[in-house]
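Asker: Got a structure for you, questions after.
Throughout, read-outs are computed from the coordinates displayed, never taken from laboratory work. Just so it is clear, the model here is predicted, and its values are computed rather than measured. Glycine gets a Cβ as well: all are built from the backbone with ideal geometry, and neighbour counts include every protein chain shown.
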Amino acid sequence: MSTKIRIHIADDHPIVVEGLKAVIKRTAPDIAVTGEAACGRAALELARRSPADVYVYDISMPPPNGLEAMAELLGRDPAAKVIILSMHDDRPTVERALRAGASGYLVKESAAGEITRALRSVFGGLRYLSPSIEHISGVQRDRRRACSDLTGKEKEVVRLIARGLGNREIAAKLSISPQTVHVHRRNISSKLDIHKQTDLVRYAIREGLAKP
């Protein structure tokens, strides 16, 4: 499994795209920009030909706009993770984006300083909101707890889950019973607020728990 997070950026302002790409290239060796588009139609065609792990869509790009493109993308792939990029930080716009299924919302003014954190958070199954708009929805940027909340045994369980092992295999590796593994998994889900195995694997990769 590749640890590179594949992303697409769709924005009709080349300076925005180039700026975000430069930050990612300089600060995030685990993230690869695998596609760029200047309008919603091109972004959707790109996603169809070569899907990404996370999509960054400008809310006001040429048709379909970011919200419309996101709706079409989610219709094709309900598990797709989309970060909306916008100049607007007003309540109606932010709430409309979140209700429509956005996994994150970045205000352009601060996007360069937040992009890598936002991408890693959303890839790991978390919601990300620019700090300036967190109060609008009442949802904290990192609502799920940090890796530090897990016990040593729970981290081991996460690592083995990320390696594709089932409960019985994990039990054998850790010399515990399958029932104990089940309890650990239930505690992990509760602590991290992550309930899908695919999201847990992504979280493990983001937190460096998937390494042998």
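Asker: Placing unit charges on C-beta atoms (Lys and Arg positive, Asp and Glu negative, everything else neutral), compute the dipole magnitude of the chain about its Cα centre in debye, rounded to 20.
Answerer: Around 1060 debye, computed over the chain.
Asker: Here is a follow-up. Tell me which of 194, 176, 164 sits at the most positive position along the dipole axis of the range 147-206, charges placed on C-beta atoms (Lys, Arg +1; Asp, Glu -1).
Answerer: 164
Asker: Could you tell me which of the pairs 21/196; 155/196; 25/155 are separated by over 24 angstrom between their Cα atoms in the structure shown?
Answerer: From the list (21/196; 155/196; 25/155), the Cα-Cα distance tops 24 Å for 21/196; 25/155.
Asker: Take residue 91 and residue 186, extend 7 Å from each Cα along the Cα→Cβ direction, and tell me the distance between the two endpoints in nm.
Answerer: 4.0 nm
Asker: Measure nothing fancy, just the Cα-based angle from helix 108-123's long axis to the longest principal axis of the chain, in degrees from 0 to 90, nearest 10.
Answerer: The helix 108-123 is inclined about 30 degrees to the chain.
Asker: Rg (Å, one decimal) plus Dmax (Å, integer) for the alpha carbons of the range 5-137?
Answerer: For the range 5-137, the Cα radius of gyration and maximum Cα-Cα distance read 13.0, 37 Å.
Asker: Based on DSSP H runs of at least 4 residues, each adding -39500 (n - 2.57), what is the mean residue ellipticity at 222 nm of the chain after dividing by all its residues, to the nearest 500 deg cm²/dmol?
Answerer: -15500 deg cm²/dmol
Asker: Follow-up question, since we're still on this one. Can you compute the FRET efficiency between residue 22 and residue 65 using 1/(1 + (r/R0)^6), with r the Cβ-Cβ distance and R0 = 25 Å? Round to the nearest 0.05.
Answerer: FRET efficiency, residue 22 to residue 65: 0.50.
Asker: If you line up the long axis of helix 14-27 against the longest principal axis of the chain, both from Cα atoms, how many degrees apart are they, to the nearest 10?
Answerer: Tilt relative to the chain: about 30 degrees.
Asker: Out of 12, 199, 149, any idea which swings most in a Gaussian network model of the chain, alpha carbons joined below 10 Å?
Answerer: Between 12, 199, 149, it is 149 that shows the largest mean-square fluctuation.
Asker: Using just the Cα positions, wrap the range 147-206 in a convex hull and report its mean projected area in square nanometres, one decimal place. Walk me through the numbers before you get to the answer.
Answerer: On the way: hull surface 14.1 nm².
Taking a quarter of the hull surface, the average projection is 3.5 nm².
Asker: Sticking with this structure for a sec: Give me the angle, in degrees from 0 to 90, between the Cα long axis of helix 66-76 and the longest principal axis of the Cα atoms of the chain, rounded to the nearest 10.
Answerer: 50 degrees
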